[in-house]
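Undergrad: The structure's right below; bear with me while I get my questions together.
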Amino acid sequence: MRIPRQRGFRSGAPVVVLIPEQRPSLTARAAWAAGRWAWRHRTAWAPSAAAVGVFAVTAAVHVIAPWMVWVLAAAALTPTAGLWWCRRRRPEVFAQPARLATLAGLATAAFAWAAATVNFGPLTAPLAWVWLLLAAAAQVFWLVVRRSR
């Protein structure tokens, strides 16, 4: 190993710091492996990550702005109303009506869940189960739609 000449004091000995190489712990290696796996499969698991984020946001909104329940309750009607409006005005868009109906149903259920969670709290047992079922349904729908392209 070559140590470059030090600036300043010419007669002074160079300062050498030795750091022993430490192998990462089993926990650190497991965390790195899980992180690499999650990064490689980030697009496939996007709905699950979004579901966790939405859960945290609704918990914060429950505490900070409980009046948002009315906004979310009104928003729960928009996917179904939009599907009805699109079916009535532009029937040529409905090449795959089952997918659109499923997507509108999931979006309506998600907004209704968000409104109920903001009103009653995120740790209410039935709402937690509904969140889990919605997250699983969104994940399955995402994987099926991505495979069928």
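Condition check ((1) more than 13 Å from the chain's Cα centre (by Cα); (2) surrounded by 13 or more Cβ atoms within 10 Å (Cβ to Cβ); (3) under 19 Å from Leu127 (Cα atoms); (4) modelled with pLDDT under 95) across all residues:
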position: Ala38; (1), (2), (3), (4): no, no, no, yes
position: Arg42; (1), (2), (3), (4): no, no, no, yes
position: Ala81; (1), (2), (3), (4): yes, no, no, yes
position: Cys86; (1), (2), (3), (4): yes, yes, no, yes
position: Arg89; (1), (2), (3), (4): yes, no, no, yes
position: Ala95; (1), (2), (3), (4): yes, no, no, yes
position: Arg99; (1), (2), (3), (4): yes, yes, no, yes
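Undergrad: Something else: Could you please give the count of residues in region 14-37 that are more than 30 Å from Ala49 (Cα to Cα) and among the aliphatic types (A, V, I, L, M)?
TA: Within region 14-37, the subset more than 30 Å from Ala49 (Cα to Cα) is 14-23.
Narrowing further to those that are among the aliphatic types (A, V, I, L, M): 15-19.
Selection size over region 14-37: 5.
Undergrad: Also: Does region 119-149 hold any residues that are exposed (fewer than 13 other Cβ atoms within 10 Å of the Cβ), more than 16 Å from Ala109 (Cα to Cα) and not basic (Lys, Arg), and which are they?
TA: Those that are exposed (fewer than 13 other Cβ atoms within 10 Å of the Cβ), more than 16 Å from Ala109 (Cα to Cα) and not basic (Lys, Arg): Leu123, Ala125, Val144, Ser148.
Undergrad: Can I ask one more? Scan (1) in contact (Cβ under 8 Å) with a residue 40 or more places away in the chain; (2) of a type in the set (Gly, Ala, Ser); (3) open to solvent by 40 Å² or more (accessible area, probe 1.4 Å) for the single condition Ala114 breaks and write down its number.
TA: Here Ala114 meets the rest and fails (3).
The values are calculated or read from the model by the stated rules, or taken from the named source; none is laboratory data. Values in this document were obtained by computation on a predicted structure and should not be read as measured data. Positions of Cβ are generated from backbone atoms using ideal geometry, with glycine treated the same way; all protein chains shown enter the neighbour counts. Areas reflect the complete protein model, heavy atoms only, side chains present, ligands, DNA and RNA absent. Shrake-Rupley method; radii C 1.70, N 1.55, O 1.52, S 1.80 Å.
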